[in-house]
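Single-structure report; data block below.
The values are calculated or read from the model by the stated rules, or taken from the named source; none is laboratory data. Note that this is a predicted model, so its numbers are computed, not measured. Here the Cβ positions follow ideal geometry from the backbone for every residue, glycine too, while neighbour counts run over all protein chains shown.
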Amino acid sequence: MIRQHFDTSISKWRLVFVGLAVALVLVFLLSIALGSVRIPISHTFHFLIGQPLENAGWQSILINFRLPKALTAVLVGAALGLSGLQMQTLFRNPVAGPFILGVSSGAGLGVALVIFLGFSFGVYFGIPDLARDWLLVVSAALGSFLVLSVVGLAAIRIRNSVSLLIIGLMFGSTISAVVSIMQYFSQAENIQAYVIWSFGSLGSLSWGELQVLAPVVIFGCLLSFALSKRLNALLLGDNYATSLGLNLKTTRLLIIVNTSLLAGSVTAFCGPIAFVGLAIPHLARMLFNTSNHLLLTPLVILLGAVAMLIFDIIAQLPGSDAVLPINAVTSLLGAPFVIWLVLRRNNLHYSFDQ
Amino acid sequence: MSLLHTHDLAIGYGKKTLSAGLNLVIEPGQLIGLIGQNGVGKSTLMRTLCGFQAALSGEVFIGEKAIKSIPASELAKKISVVLTEKPGAQNLTVLELISLGRHPYSGWLGQLREADVAAMERAFEQCQIHYLLEKRLHQLSDGQLQKVMIARALAQDTDLIVLDEPTSHLDLRNKVEVLELLKHVSTTGKSVLISTHEITLAAKVCDTFWGMDFGQPIAIDLPDNMIRSGQVKQLLHLQEGVL
C-alpha cells in the first residue's frame, strides 16, 4: 500500500519538476532576448544551442552581457532561496532569511573590509583578478558566518519571530554603523566602489567572476541535497531529531556554514539582495504543499532561479534604456509579499508550530 | 540477558539529585509503567535511560554496553521515543512522519529501501492507521496523533520504546486504545516504558510498576500488588478512600 502510494507520488513529482524545468528554460530564453536591444527569441535559441549569429553586435551583447547576467540570476535565485529555506528550518522561524537576519549585512562588512582596507594598503588593484574575487567571497562568507553564528546562538533559544527580527535588525544597523565609520575615514573612490556594490546588481559579473561564483553555489546546492535528510529530522524538533541519532551540533554547524557560503558568496558579487531568500521557500511550500527537504531543495533551486530571472526582466524595463537596481525590484515585490505572509499566519503556523 | 539495566545510577540536573542508587532492569517484552507525582523525576529518569541526558553518576547499560559508549546513530536503532511535545512541522503528512522513523536506516539522502517500506507497512498495520496515510498532522485528533507517533517509533524498529505520558490529553476511549496498542506491541517482544498518571488503566496492561517518590528508592512491584498494599497511595501522597 505504501509502495503504491510512493509510486503515484513519484510520477506526480516528476511532472512538477519537468514543468518547472521547462519554465526555467523559457524564462531564461526570454531574459536574454529582452533588454534595451531586442533580439528575437528564435535567434537567442540558435545562439544557445551553439550556432553563431549573423549579427555580430547581437552575438557580442549575448556573450558578454546577457548570458553572464542570466546565469548570475539563476545562481543568485538558487543560492538565496536555499539559504533562506535552511535558516527557516534551522531556527524554526518563518521570518528567517539571509537579508533579515543580518547575514547580508555581515557579508557587506566583509566586502567593506576588503575594499576599504585593500584600498588603503594599495593592494586592492595590485593583486590578480581571480585572487581578488576569491578574497571577496571568502571575506563575505566569513562575515555572514560571523553574524549567522551569533544570531544563531540567540535564535536557538528564542523561538519568537519578533525577537529574532529585532536581533537581526539590530545586527544590521550595528554593522551599517561600522561600515559608515569606515566610509567616513576613507577616500571618495572607495566609497563609490562600496555604494555601487550595495545597490545590488546581477549584471556586473564577468565570466571570470562567474567562474568563482558558480563553483561555490554549485557546491552549496550539492551540500544542501546532502543536508536534506538532517533538515527533515530537524522538522520534528530537537529532541526527536536527537532520538533519531542526529548530532545537533554538527548539523547546526553544517547548515550555518552552508548558508553563509551561499548567501555570502552571492552577496559578495551582487550586493545585498532583499527578500528573495525569505520569500522563495514560502512560495515553494505554499505552491507545492510539502515540508520534505528532499523535494523542497530542488523546488527552491528551480523556483528561485525562475523568480530571479523574472525580477531581472522587470528590472530591465524591456523596450526602454533605463535599468532599475535589482534590489529595488525585489524589495518592491518582496516586501508586500512578506506583509501578506505575516497577515495570513493562520496557515503559516502549520509549518512552524508557533 | 536483560535489554537494559542500570548500575548505581543517580539522576538529576547539575547539583540537584532527583534520585540515586538506582539499579533498574528492563527485560525483553516487558511493559513497564513509571508512576509518581509531578516533578518527582519521571521525565529525567526517562531522558537519562535514553541517553539524552548524562547521568550524575553510575551507568546505564544496553545489553552489555554502557550507553555512553554507543554512538548516537547506533543508539537510534536501540531506543525510540514518543515525547509529550508535538512535532515541530505540523504540515508533514502521516506517511512523511512515519518515514522519518526510518532515519537511522535510510540512505544518505533519506531514500527508503524495501526493508524500510516493509517496516513502515508493519507499523501502519500494528497501529491500524492506514486510513490516515495522506492526512497532515494538523488535521489529526489528539488520539490519532498519538497512534501516529507510536507508529513512527515502531517504524524505527527498536528493542525499547519509551513514551512520556502517552495517554495525557486523550479521552477515555483513546486512552484505552493506546494502552492496548502498547500492550500488543510488548507481546511482540519489544519492551515498552511509559510514564503515566492513569494508575488504574495502566495497572490492567503493565507487567510492572516503577513507583517514584521524593527522596525514596524506586519501588518495583506488580501493579496489583502495589495498589493493594497501599504503596501507590503512599507514593502519590493520597488520602484514605481514594483508589
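Filtered by the rule that a residue be over 21 Å from A:Leu82 (Cβ atoms) and more than 9 Å from every other protein chain (Cβ to nearest Cβ), the range A:234-265 gives a lone residue, A:Lys249. Of the candidates A:Leu236, A:Leu248, the single residue that is over 24 Å from the mean Cα position of the chain (by Cα) and surrounded by 19 or more Cβ atoms within 10 Å (Cβ to Cβ) is A:Leu236. Say whether the condition of being without any contact (Cβ under 8 Å) to a residue 40 or more places away in the chain and within 14 Å of another protein chain (Cβ to nearest Cβ) is met by at least one residue in the range B:136-151. Looking for residues that are without any contact (Cβ under 8 Å) to a residue 40 or more places away in the chain and within 14 Å of another protein chain (Cβ to nearest Cβ), one finds at least one in the range B:136-151, hence yes. Restricted to the range A:1-16, and to residues there that are at the interface with chain B (Cβ under 8 Å from one of its Cβ atoms) and over 33 Å from the mean Cα position of the chain (by Cα), the residue that is surrounded by the most Cβ atoms within 10 Å (Cβ to Cβ) is A:Ile2. Residues in the range A:87-97 that are crowded, with 24+ Cβ neighbours inside 10 Å, within 15 Å of the chain's Cα centre (by Cα) and within 14 Å of chain B (Cβ to nearest Cβ): 1 in all. For the range B:44-52, the count of residues that are closer than 24 Å to A:Tyr240 by Cβ, touching a Lys or Arg at 6+ places or on another chain (Cβ under 8 Å) and within 14 Å of another protein chain (Cβ to nearest Cβ) is at least one.
Screening A:Leu231 with (1) at the interface with chain B (Cβ under 10 Å from one of its Cβ atoms); (2) in contact with a Lys or Arg (Cβ under 9 Å, 6 or more places away or on another chain) gives one miss only, at (2).
The rows are residues; the columns are (1) in a helix (DSSP H, G or I); (2) outside the structural domain of B:Trp210 (by TED's automatic domain parsing); (3) crowded, with 24+ Cβ neighbours inside 10 Å; (4) among the aliphatic types (A, V, I, L, M).
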{"site": "B:Arg122", "(1), (2), (3), (4)": "yes, yes, no, no"}
{"site": "B:Tyr131", "(1), (2), (3), (4)": "yes, yes, no, no"}
{"site": "B:Leu170", "(1), (2), (3), (4)": "no, no, no, yes"}
{"site": "B:Val176", "(1), (2), (3), (4)": "yes, no, no, yes"}
{"site": "B:Ser186", "(1), (2), (3), (4)": "yes, no, no, no"}
{"site": "B:Val192", "(1), (2), (3), (4)": "no, no, yes, yes"}
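Taking the criterion of being surrounded by 15 or more Cβ atoms within 10 Å (Cβ to Cβ) and facing chain A (nearest Cβ under 7 Å), the residues of the range B:57-75 that qualify are B:Ala72, B:Leu75. Need pairs with beta-carbon distance below 7 Å; first residue at the interface with chain A (Cβ under 7 Å from one of its Cβ atoms) and within the range B:76-95, second of a type in the set (S, T, N, Q) and assigned to a helix (DSSP H, G or I); sequence gap 6+ or separate chains. Pairs found: B:Ala76/A:Ser243; B:Ser80/A:Ser243; B:Val81/A:Ser243; B:Leu83/A:Asn239; B:Glu85/A:Asn239; B:Ala89/A:Ser351; B:Asn91/A:Ser351. Quick test of your reading of the structure: B:Gln146 fulfils all but one of (1) surrounded by 17 or more Cβ atoms within 10 Å (Cβ to Cβ); (2) within 23 Å of A:Ser9 (Cα to Cα). Name the failing condition by number. Failing condition for B:Gln146: (2).
Applying the condition of being among the hydrophobic types (A, V, I, L, M, F, W, C) and closer than 29 Å to B:Leu45 by Cβ to the range B:121-135 and asking which residue is farthest from the other protein chains (Cβ to nearest Cβ) yields B:Cys127.
Filtered by the rule that a residue be among the small types (Gly, Ala, Ser), closer than 26 Å to B:Met1 by Cα and buried (at least 23 other Cβ atoms within 10 Å of the Cβ), the range B:28-50 gives a lone residue, B:Gly33. Each residue in the range A:36-66 was checked for being in contact with a Gly (Cβ under 9 Å, 6 or more places away or on another chain) and either of a type in the set (Lys, Arg) or not in a helix (DSSP H, G or I) (or both), and 4 pass.
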